[in-house]
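A.B. asks: This structure is in structure tokens; I'll ask about it shortly.
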Amino acid sequence: MGRLVLHTDRVYLTAAALVPLVLDFLLTLLGQHPSYWHGKRWVSESNPVWAALLLIHPAVFLVGVLLYASIFTAGIYFCPKPVAWWLSIVLLLAHAGGARSWLWHFTSHVTLWEMILDGSTAALAACCFLKASRQTNESVSAAGKCKGNITD
């Protein structure tokens, strides 16, 4: 039976993508008008797929989010490294932008919160991508050392 090996570089790439994704979808739920929670058939969401899921039920929306996150996590984990990096970057930027678009629902001080969100996203991205690249380099150098020991 095969073992699933946890590649730490992929864990960091996944974290970089999933944190803004979770924030985006959390703000999507929190940003719904109070009438939505009382059974009105109206949602505030510009993506037609997510709007349709929200119209069915918030639980259906959450199941869709979990499925979506699972598919992209698998993509980051199992695709070749360059594809995994780009997938992580695209998801991070898309969902950080999505989360940012909800800020006006919650405060009149959007500029401050935009700066905080943008700075946090940049810091998260930098840390995760730097850590992922270090893990990749350490794996390559460790593999090289093993080959050197075998041939010596």
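Derivation of every value follows stated rules applied to the coordinates shown; laboratory data play no part. Computed from a predicted model, the values in this text were never measured in an experiment. Note: ideal-geometry Cβ built from the backbone for every residue, glycine included; neighbour counts use all protein chains shown.
A.B. asks: Convert each backbone phi in the range 54-65 into a coupling constant with the Karplus relation 6.51 cos²θ - 1.76 cosθ + 1.60 (shift: θ = phi - 60°), then list the ³J(HN,Hα) values in order as whole Hz, x for Gly and Pro.
C.D. replies: Each residue's phi maps through the Karplus curve to give 5, 5, 5, 4, x, 5, 5, 4, 5, 5, x, 5 Hz.
A.B. asks: Among the trypsin sites (Lys or Arg not before Pro) in the range 30-126, which ones are in a DSSP loop with at most 11 other Cβ atoms within 10 Å of the Cβ? Mind listing them?
C.D. replies: Those satisfying the criteria are Lys40, Arg41.
A.B. asks: Still on this structure, please answer the following. At R0 = 25 Å, how high is the FRET efficiency between Ser44 and Leu66 if r is their beta carbon distance? Nearest 0.05 is fine.
C.D. replies: Using R0 = 25 Å, I get an efficiency of 0.70.
A.B. asks: Set the Förster radius R0 to 41 Å, insert the Cβ-Cβ distance between Ala52 and Arg134 as r into 1/(1 + (r/R0)^6), and round the FRET efficiency to 0.05.
C.D. replies: 0.50
A.B. asks: For Glu45, which sequence-distant residues (separation of 5 or more, or a different chain) have an amide H within less than 5 Å of its own amide H, given hydrogens modelled in the peptide plane?
C.D. replies: For Glu45, whose amide H was placed from the backbone, there are no distant partners under 5 Å.
A.B. asks: Calculate, in nm to one decimal, what Val83 and Leu26 gain on full extension: separation in residues at 0.36 nm each, minus their alpha carbon distance.
C.D. replies: Result for the pair: 17.8 nm of gain on full extension.
A.B. asks: On to the next question. Enumerate the calculated ³J(HN,Hα) couplings along the range 32-40 in order (Karplus 6.51 cos²θ - 1.76 cosθ + 1.60, θ = phi - 60°), each rounded to whole Hz, writing x wherever the residue is Gly or Pro.
C.D. replies: Working through the residues one at a time gives 5, 4, x, 5, 4, 6, 10, x, 5 Hz.
A.B. asks: Output wanted: per-residue J couplings in Hz (rounded whole) for the range 76-82, from phi through Karplus 6.51 cos²θ - 1.76 cosθ + 1.60, θ = phi - 60°, x for Gly and Pro.
C.D. replies: 5, 6, 9, 6, x, 3, x
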